[in-house]
Structures are given as structure tokens and as C-alpha cells.
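Rule-based calculations on the coordinates, nothing more; no lab input. On a predicted model such as this, the values are computed, not experimentally measured, just so you know.
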Amino acid sequence: MVASDTRFTSRQFRDALSSFVTGVTVVTCLDSQGKKAGITVNSFNSVSMEPPLILWSINKSAHNAAVFAHAERFAINILSDQQAHLSNQFARPSADEFADVSFRSGLGKVPLLSDSITCFQCRRWAVYNGGDHDIIVGQVEALETSFRSGLVFYRGGYATVTSI
Ligand SMILES: Cc1cc2nc3c(=O)[nH]c(=O)nc-3n(C[C@H](O)[C@H](O)[C@H](O)COP(=O)(O)O)c2cc1C
């Protein structure tokens, strides 16, 4: 592609986005029946310090998109470099997404994944229309964090953090 090409395919758009290095999270919540839901997400970002707000976005065609858009509470579990298997597990549809996953219950009984490096427990603040995604903003009600190394997603694959 030439610089500043105004015509691009969605493949080129995806590839360009994949040049942005992110961490990997699993967002968890309960549906209205109390069933656990989880999805692998790298669209997580910070928004506001006061009040403490974060955001992430979910594809409207994801099978549990409505569950997350309506969940009053959810948790952002930031994965460690030992948890790539959890990223894979929560990125594919399954009858039991939480099979063999170790977790405990947080505020509103939302599942919090064991050994994630950071966990933000959030209350839904707003949901915005973002094209084919919903943008979900949450207010952080509780957090815990540690100094383990995070899992990195870059150009469609996993990596680990090294300092320069
Ligand atoms: C590293 C990684 C990051 C992802 N980030 C997002 C995301 O931010 N938002 C999203 O809707 N799906 C994201 N996905 C895809 C979902 O985890 C999931 O695969 C997709 O929603 C499939 O759901 P479905 O089975 O309901 O179609 C990501 C997948 C991976 C592996």
C-alpha cells in the first residue's frame, strides 16, 4: 500500500490494526439467568481517571454480544504470559466456556479468573453504538493487580513483554 491510501480493503484495515501492540483480556459476566459468560478481548483501554472508567468493544454478531451489552456488572481479567490457553478458550464458541477454568466470584457473583495479572470489577456506565461493534464503558468498582508479565497480542499472534 502507498502512504495515506484512501482505498483499502477490510483485510488491509485489519492488518494495519494488528500493528498496534495490545495486551489480552478475558471479559466475564453473568447473563440474566446467572450463567457465566466470557470473551477474549484486546480492545480494552483506559478512559477516565475521575471517575475511573475503562472501555472495550464487542462485535454485535458475537453469540454473547447482547449478554455483555446488558450486563450490569462485568470484569476485565488481564491475562499473564502463562494464560494464552485461556485466550484461545474464550475466543471460540463452546457449550461450557469455563470448562477447567479456575475462578472465584466477585461483586455480583461475576467470575474473576485466577492468576490473571490484573482484574477490574466494573459496573456498566454506558453502551455506545460503534458500527458493527458495541462500545462498552465501565466504571471500575474494585481492582487488584500484580507484577506478573502480561500476554501480548501483535500481528495476529501472541508474544511476551521484554524491556528495552
Ligand atoms: C487476542 C484476541 C482479541 C480479541 N478481541 C476482541 C474484541 O476486542 N472484541 C470482540 O468482539 N472480539 C474479540 N475477539 C474475538 C472473540 O474473542 C471471539 O472469538 C469472537 O467474538 C467469536 O465469538 P462467536 O463465537 O460468538 O462468533 C478477540 C479474539 C482474540 C483471539
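Some points to look at:
- Kirkwood analysis of the stretch 104-161, using all unique Cα-Cα pairs, places the hydrodynamic radius at 13.8 Å.
- For the chain, the mean residue ellipticity at 222 nm estimated from helices alone is -3000 deg cm²/dmol, where every DSSP H run of n ≥ 4 contributes -39500 (n - 2.57) and the total is divided by all residues, rounded to the nearest 500.
- Normalised by 2.2 N^0.38 Å, with N the number of residues, the alpha-carbon radius of gyration of the chain equals 1.05.
- Cross-link partners of LYS60 among lysines, defined as those whose alpha carbon lies under 20 angstrom from its own and excluding same-chain residues fewer than eight positions apart: LYS35, LYS36.
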